Structures are given as structure tokens and as C-alpha cells.
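Below are the C-alpha cells for one structure; questions will follow.
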Amino acid sequence: MEVKDLKPELIWHIFDEITKVPRPSCHEEQIRAFLLDFAEKHGIAVKTDKCGNVVMSKPATPGHESAPVVCLQAHMDMVCEKNSDVEHDFMKDPIKTYIDGEWVKAKGTTLGADNGIGVAAALAVMVDKDLVHGPVEALFTINEEIGLEGAQNLGKDMLNAKILINLDSEDDGEIFVGCAGGIDTTAIFTYRRSFAPENFSYLRVSVSGLLGGHSGGDIHLGRANANKVIARFMWECSQRWPIEVSSFDGGNLRNAIPREAQAVFGIQVEHEEAVKKALKKYAEDIRNEYKGIEPSMKLVIEPVDRPEYCIDSETSLRLVRALYSAPHGVYSMSRDLEGLVETSTNLAAVKMIDDDKIKVTTSQRSSVESRKNDIAGQVEAHFQLAGAEVSHSDGYPGWAPNMDSPIMHLSAEAYEELFGVKPAIKAIHAGLECGLFLDKYPELDMVSFGPTMTGVHSPDEQLNIPTVEKFWRHLCRTLEKVANA
């Protein structure tokens, strides 16, 4: 069976089409064209703003014209991550999906169910002729994964809705009514290139096979950070022997826990075997530390040819020390909602740029604005002490829970009516676009829900098939209850 043949057929067929359309963040041209073609094909009213967001509109079912306008919202882009041994061009290749039991997966890449299944659900509502609903809008935003650009720049005349249902959540049976705000902190190390010493052996140490995951939704799971794993080993080596660092490359995306990292460094020839033995011992220790959490962790050290250049010794040590000691993970838990991470930070990526700079990307999240600024300030101070130049992104606000929300109560009632259990009402330690929508449309009443996904932002991403049907039924029943309220 193929994905397009799953039930309910309408939403799965549309999702299957979406997986064939390349849609990396910052490159949504093809998916935007797909959406505009979809609207034209089905006679749906559509408009775009200067930023590139798309809004479709559908009239109410006859007799429900006076119901409040509901906006269904999803983002066009997807996180593009793949395993290092997989050949895939996210700018032109379709995602290769397959069914594994009750899950839809991709072959060696992210699946893009975040947020492709939300886009598919909104489009299905736009074309389903059997639904009962009031006036409906569907908002598709750009570049959510990199900088929430679409939500940041949404035109003030794009929406008429009084209610917004965000379709970007990842847990069946949970309705979200709040989210964390976030900010990115970037550190730039400037170094001098020096010729690689000839009397050194050069080694590449790499870590792979980590679970990674979403830097908000998965940060509390205690998974290993590839950058930290490599930096810790190099720091231990630097405490015993002189080392010369040639390169460090780890992680890719600010909102993903890094899964893979590698570094090339030199060691005096007489110490090469001792370094290899040290890695073997280190690998045993760290596998034991992450026993039951990182079952596929792989640490490898191998000789490489002498590079032409290394990073100057002073900057090498400052970089290694800074990465080893940089904060990463949960900083504090919420005192208002049990089990909710309040504040966290992610040591996301380390990249060599230009010929003399190393860029370290981090991201901070918190449901408390002052705590968000505090943890970002601590990360800034940390890298300033290491001699780096530090800057921050503009950041984005959180979405404060409204426990008196009418749409929260209606959507909760809809779920209980359908499935006989009350859904959990939660906030999420991830950045949804809802907080930004409130800046331009302060009267919006909002919730977020979706089907179950795991491994989001990594090649282990998978979408649970039975919960997609539940998600679809829940969305339809909620729209019906709004129309009849």
C-alpha cells in the first residue's frame, strides 16, 4: 500500500502530493506555486502578501454564514535533514516515503510531516463538500523553521478570522493553548591560519547515530548533543597533550539537537596511539552515560592527510573550552504547568565560514520573557569570555495560555465526544507562530492540535497513521461545533 491509499483518503492523498514538492525553509517557491495551482484548480479564493504567505477562503455551509470566521494555519516549509550516507537534494528531490506498520516514514531524510500534514488538513477542508462549517480561511506561512518570517511579516489585512486553529502540534489527545518564545544567539570566533605542523599525526574524530530531535519538544529527553560529545573529547585530549585543531563541523539547524559532528586535529606523532586508546575509553564511558537513550551512538577516530592549515593555537583552545563548557539543555521547569520545560538552550551548530571565522549557533526558549532574555544573556557572556563576537536575533514572543478560551473548550468537547476521553490541555516548549499572530490580530482566540509524530527535525521523523484519522475527525467536529455554537 502507498501513502496516498491510506484512510481518510482525501487528507492522505494531498499529503502524498505535498511530499513530492521541494520546500526547504527560505525556498518555498515550489510549494507556494503548488498551493496557488491547487486554489485555481478547485476554484478557491486566494491571495498572497508581500512576504509570500498564502491565504485561501471558503464560504460557510449554507445556513451557517453568521458563524465566526475560523482560520486554519500551517507553515509551508520543512526541516531538511538527512543521514550522512544518503544522497538527497532537498531543492529538487521528492521525499521517499514508505509505510512501516502504523507509521509513515522517509528513507534517510526528514519526512516533512512537520508541517506537511497540517497543510494537507487545511487543504482537505477547503475542498471537502460534506463538511459543516462557518466561513473558513486557510493561512500558509513561509519560513517558520528558520525565523518565523511569515508570521513576523503577515499582512495586517490578510485575515478576517476571530478564531485560529494552528495545525502544527505533534501529539494526539493534547490541545495546546500556549508556547514558548525564543531567541537565537550567535558567536563568531576569528582565527589566524597557521601552517599545519609536519611532525604531527592528524586524526578525524566523529560522532554519528544520535537521535537529535526538536530543540524545544525533545530538549527534556536528555539526548546527547554531537557538538558537546566531540568538544568534550578534544578538551580531555588538550589537557594531556598539545593539539592543533584544523576544523570543527557539527549540527546544521538552530532548532534541532545536533545528531552528527566531526573535528580534525593534530597530535604529536608519539601520542597518536595514546589518543586512540583515550577515545576507546571515552566511547565506553559516554555510551554508558547515555545507555538506554542513545542506542545507536557511534564514535570513530581515523587518520587523515595533513591539512594545509590549522587554527592558531590560542583560538583552538578558546573554541574547544567554550564548546565544552557551553550551556545546553533544560535550564528550568515551569512552576505553573507540571512537566513543562520553562527555559532551555540548544548548542545547535558549529561551522567554519570564510577563511578565518568559526560560527557557533545557539537557540534559547522560554515561556517567561525575562527568563528567555536571561538565558540568552548567559550564553552571550559565556562566549564573550571566550573571546567571540556575539549577536542575537530579534526573537519572537511566547503565547500565554488563556484557560477561558472558547475555542479551547469547544475543541476539547469535540475530542471527548468523538473518542470518549478528555484531551490534555497543555502548553508546549516549542515556538509556534501563535504569539506573533496576536501582535497583529490581538482578538484572535487560538488553539493548536495535530496527530502524533516522533523524531521531528531528524531523519527518524515518523507520522502515526491511526492518529491522522483522529486528527481529521477532531478538526471536522470542531469546525462543526463552531458553526453551530
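The values are calculated or read from the model by the stated rules, or taken from the named source; none is laboratory data. Bear in mind the structure is a predicted one, so any value in this text is a computation, not a measurement. Reconstructed Cβ throughout: ideal geometry from the backbone, glycine too, with neighbour counts over all protein chains shown. We work out accessible area using only protein heavy atoms, side chains counted, and drop any ligands, DNA or RNA first. Shrake-Rupley method; radii C 1.70, N 1.55, O 1.52, S 1.80 Å.
Output yes when any residue across region 211-221 is in contact with a strand residue (DSSP E or B) (Cβ under 9 Å, 6 or more places away or on another chain), modelled with pLDDT under 95, hydroxyl-bearing (Ser, Thr, Tyr) and open to solvent by less than 10 Å² (accessible area, probe 1.4 Å), and no when none is.
yes
Further question on the same structure: Hey, any hits in region 105-119 for a residue that's within 18 Å of residue 465 (Cα to Cα), among the β-branched types (Val, Ile, Thr) and open to solvent by 40 Å² or more (accessible area, probe 1.4 Å)?
No, region 105-119 contains no residue that is within 18 Å of residue 465 (Cα to Cα), among the β-branched types (Val, Ile, Thr) and open to solvent by 40 Å² or more (accessible area, probe 1.4 Å).
Looking at region 162-202, which of its residues are open to solvent by 10 Å² or more (accessible area, probe 1.4 Å), of a type in the set (Gly, Ala, Ser) and part of a loop (DSSP other than H, G, I, E, B)?
Within region 162-202, just 173 meets the criteria.
Does residue 459 meet the test of being open to solvent by 20 Å² or more (accessible area, probe 1.4 Å), assigned to a loop (DSSP other than H, G, I, E, B) and modelled with pLDDT under 95?
no
A further question on this structure: Just the residues that are hydroxyl-bearing (Ser, Thr, Tyr) and in a strand (DSSP E or B), please, taken from region 237-265.
246, 247
Taking region 344-401 as the region of interest, how many residues are open to solvent by less than 20 Å² (accessible area, probe 1.4 Å), assigned to a helix (DSSP H, G or I) and within 15 Å of residue 322 (Cβ to Cβ)?
Number of matching residues: 2.
Considering only region 34-44, state which residues are open to solvent by 40 Å² or more (accessible area, probe 1.4 Å) and either in a loop (DSSP other than H, G, I, E, B) or farther than 20 Å from residue 167 by Cβ (or both).
Hits for region 34-44 are 37, 40, 41, 42, 43.
Which of the residues belonging to region 127-153 are among the hydrophobic types (A, V, I, L, M, F, W, C), surrounded by fewer than 21 Cβ atoms within 10 Å (Cβ to Cβ) and in a helix (DSSP H, G or I)?
Those that are among the hydrophobic types (A, V, I, L, M, F, W, C), surrounded by fewer than 21 Cβ atoms within 10 Å (Cβ to Cβ) and in a helix (DSSP H, G or I): 127, 146.
Tally the residues that are in contact (Cβ under 8 Å) with a residue 12 or more places away in the chain and surrounded by fewer than 17 Cβ atoms within 10 Å (Cβ to Cβ), restricting the search to region 61-88.
7
Let me ask something additional. Using the structure shown, decide if residue 229 is of a type in the set (Val, Ile, Thr), modelled with pLDDT of 95 or more and more than 25 Å from residue 355 (Cβ to Cβ).
For residue 229, the condition - of a type in the set (Val, Ile, Thr), modelled with pLDDT of 95 or more and more than 25 Å from residue 355 (Cβ to Cβ) - is met.
For a quick check of your reading of the model, give me the residue pairs whose first member lies in region 33-48 and is polar (S, T, N, Q), whose second is modelled with pLDDT of 95 or more, with beta-carbon atoms closer than 8 Å and at least 6 apart or on different chains.
48/32; 48/36; 48/54; 48/55
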